[in-house]
Amino acid sequence: MTATALDDAQLATRNVTRLSVGVAVVLIGLKAFALGASGSVAILASLTDSGLDLVASLATFFAVRWAAAPPDHEHRYGHGKGEAMAALVQAGLIFASALFVGWEALRHVFDPRPVTSGYWAVMVVLISVALTGWLVWMQDRAIRRSGSMAVKADRAHYAADLAANAVVLIGVVSGAFLAAPGLDAAAGLIVAIWLFWGALALLKDAADHLLDRAVSDADRIAITTAVLADPRITGVHQLRSRMAGSVMMIQMHVDLDGRLTLEQAHAIVVGAEQRLLEAFPRVDILIHPDPRGPTTSVPPSPARPSKKAK
């Protein structure tokens, strides 16, 4: 992996996680004000989600910094899986948020309450949509630069918030201006279902990462294509791949002419590594050459004279 690509990726993740925490704090303040003014259960659902957004963003904030730490004596492959742990924490928090919001929404479906100060609530939701959309756009840019799983999990959460805020807006408008508070509670229930579905997706991604699931078929094809671009490499086998944070770990055996010298074989393997680095800038590579075909015979070493017993 090139040092420049790694530094750029780490800078992108640090900056966007700092921004995520800041946006979450602002949204909590706005929604707390709107809840106090309106009493909307849809706003309550959105406020609860934003509270857990802050916890999840803080977890991501610290996780990407820990995951960026270089390998040490106890973690020879680095700390990249800290990002998957952060995604796992996020999934658990979203599950908890979905259960709480769903319970409150069901309670208010059977006991509807009027929504007051609808103009303030609508304004807060519109500001929330604008801030969240801007954050998701910034996270998309950071993901393109870093490939961070923790940022992807955070982005997935906030992208779900965009749709959830649209539902909340419908609920607030119906409860405040259409005299239909039951629709406000129904909107809260839709938010809960949306959160639960998003948590399932995050849980699957985190589990795949922690259980060393292989990279996609497209990436495996790209790997073998890059390696076999040199005709002196006649085959690839025992290909293994997994993700450690934003770093792809690749191990493989390649077939080389058995008559090549050690220096020639080494140069061929280094060339294959360079092609992989061009295709995947954030990659850790281990290639083992296997001799195929005729081999150069090596004269046996002279026998050492045995010591006679005295």
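The values are calculated or read from the model by the stated rules, or taken from the named source; none is laboratory data. No experiment lies behind these values; they were computed from the predicted model shown. Please note: Cβ atoms are built from the backbone with ideal geometry, for glycine as well, and neighbour counts cover all protein chains shown.
Data table
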{"quantity": "Residue that is among the aliphatic types (A, V, I, L, M) and touching a residue at least 40 places away in the same chain (Cβ under 8 Å), where the choices are 24, 32, 69, 63", "calculated": "63"}
{"quantity": "Check on residue 205, out of contact with any Cys (no Cβ under 6 Å at 6 or more places or on another chain) and in the same structural domain as residue 149 (by TED's automatic domain parsing)", "calculated": "yes"}
{"quantity": "Any hit, the stretch 60-69, residues being assigned to a loop (DSSP other than H, G, I, E, B) and either assigned by TED's automatic domain parsing to the domain that holds residue 244 or at negative phi (or both)", "calculated": "yes"}
